[in-house]
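The values are calculated or read from the model by the stated rules, or taken from the named source; none is laboratory data. Predicted, not measured: the structure shown is a model, and the values here were computed from it. Methodologically, a virtual Cβ is constructed for each residue, glycine included, from the backbone with ideal geometry; neighbour enumeration extends over all protein chains shown.
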Amino acid sequence: MNRSWYDRNDWYQSDRTELRRPAETAAPPAEQEGEISPVETAPKGRRLTPSRIIALILALLVLISATSVAFSRGGTAKKTDSIFDSEEDELPENAWDFFSQYYEDVQSDHVEVNLKEAESRPDYTMVLQQGDGEKLSLQEIYENCSGSIVAIRAYEGSKVGYNWGTGVVVTADGLILTNTHVLEDSDRAVVMLGDDTEYEAELIGADAVSDIALIRIEAEGLTPAVFGDSANLQVGDEVAAIGNPLGESFRNTLTNGIISAIERGMNYHGRTMTLLQTNTAINEGNSGGPLFNRYGQVIGITNMKMMSSYSSIEGIGFAIPSATVCEVVNALIRDGKVVGRPAIGITVGEIPEAASSRYELPEGIYVSAVQENTDAAKKGVQAGDVITAVNGEPVKTTEDINRIKNTLQVGEEIHFTIWREGETLEISVELMDTNDVY
């Protein structure tokens, strides 16, 4: 059977850099103790013969392949094909076989961050500022704000290499904001200031749903960033990012652009994140870094970009709005986690048109997995179900179901109209706290 419909390349990736050498690839002697360079160059004085050129190309291909694998960890209900253009006769005979490959992961709103936890919580409450006064030039933004940017290396046990990312100074006494995925699976993190001073970090809290984490270092006299209100943004507003793309060689890189879209729903880890879209250059290593408005205020935290292995995609990056950041930061400081967030405990995804026609499925949302410890499982929601309506409202996208769910509270019921093998079922499910589900 022709399986050209199935492509395991992700249609976008979170902006996570894992500088890890594949176990099967031996390091050249000069690199045994050092960092993996994203680009290899010929040593001085060595002639580039045809055989050496071919060897360099092969080495670069190996490096690119390893990097692609490293960046692929992540999504829930993750699509394995970004542009679904297959003919019906190219699809598997069975709908379950199709969806088990098209949506390959199971949702988890929990990630492991094993850093040493701080013994006390900061005395701090984030407040968003309004933009006023004259707008700054890009040079002024860099001069005023680059001192608030730090680099983060997160280590996992005895594994070679580290996760590389960016952080934003929140308080003068060492509170640092970054992305949760920068710290994922790590048990140690080092924060590097602009003057190359390094500090071991302790964990205040990390939230997988929002991708926001707080760490703290024992430092004084840092330059905290000012956080503006993302609610005031409009499409076309000028913005700038400062971060550490691709490794230490490119620390404190400034890029600029505009806000391309507001409230862009992106499916990540099987849930919809509402993000700012920007054409500002965002690359691996920018994760956890700030997106500034022209007043030098942080109005977003960069966390992902659109990527493709088969076509060129430029200028589609995303940032967590500062309004979301503020809410999560204050919850992490208060409780060490975000409580009261409703969860159903199911992994869902949209149904491609070709699959809907091929398998004669109704319009709705496909359920690819159900958490065992949830009311959804207890009430009989099953993998393979198609949710056609929620609380009487037809649904076609994951944004539809999340929008309805987020108007409800933990303990309230949400009502599903479900299609299952030609039958229509009505099932009501009690919403649970995310922390109790995952």
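Odds and ends about this structure:
- Counting only residues that are in a loop (DSSP other than H, G, I, E, B) and either without any contact (Cβ under 8 Å) to a residue 12 or more places away in the chain or not charged (D, E, K, R) (or both), the stretch 144-157 holds 1 of them.
- Residues in the stretch 142-184 that are at pLDDT 95 or above, of a type in the set (Val, Ile, Thr), farther than 12 Å from Pro224 by Cβ and surrounded by fewer than 24 Cβ atoms within 10 Å (Cβ to Cβ): there are none.
- Asn232, sole failed condition from (1) buried (at least 20 other Cβ atoms within 10 Å of the Cβ); (2) modelled with pLDDT under 95: (1)
- Of the residues making up the stretch 362-383, those that are within 18 Å of Glu413 (Cβ to Cβ), loosely packed, with under 15 Cβ neighbours inside 10 Å and of a type in the set (Asp, Glu) number 0.
- Yes/no for Asn114 being over 18 Å from the mean Cα position of the chain (by Cα), outside any loop (DSSP other than H, G, I, E, B) and at pLDDT 70 or above: no
- Residue count, the stretch 220-260 (criterion: farther than 30 Å from Glu198 by Cβ and either out of contact with any helix residue (DSSP H, G or I) (no Cβ under 6 Å at 6 or more places or on another chain) or of a type in the set (Asp, Glu) (or both)): 12
- All conditions in (1) assigned to a strand (DSSP E or B); (2) in contact (Cβ under 8 Å) with a residue 24 or more places away in the chain hold for Leu361, with the sole exception of (1).
- Single residue of Ile401, Ile414, Ile320, Ile418 found to be in the same structural domain as Met266 (by TED's automatic domain parsing) and either surrounded by 18 or more Cβ atoms within 10 Å (Cβ to Cβ) or part of a loop (DSSP other than H, G, I, E, B) (or both): Ile320
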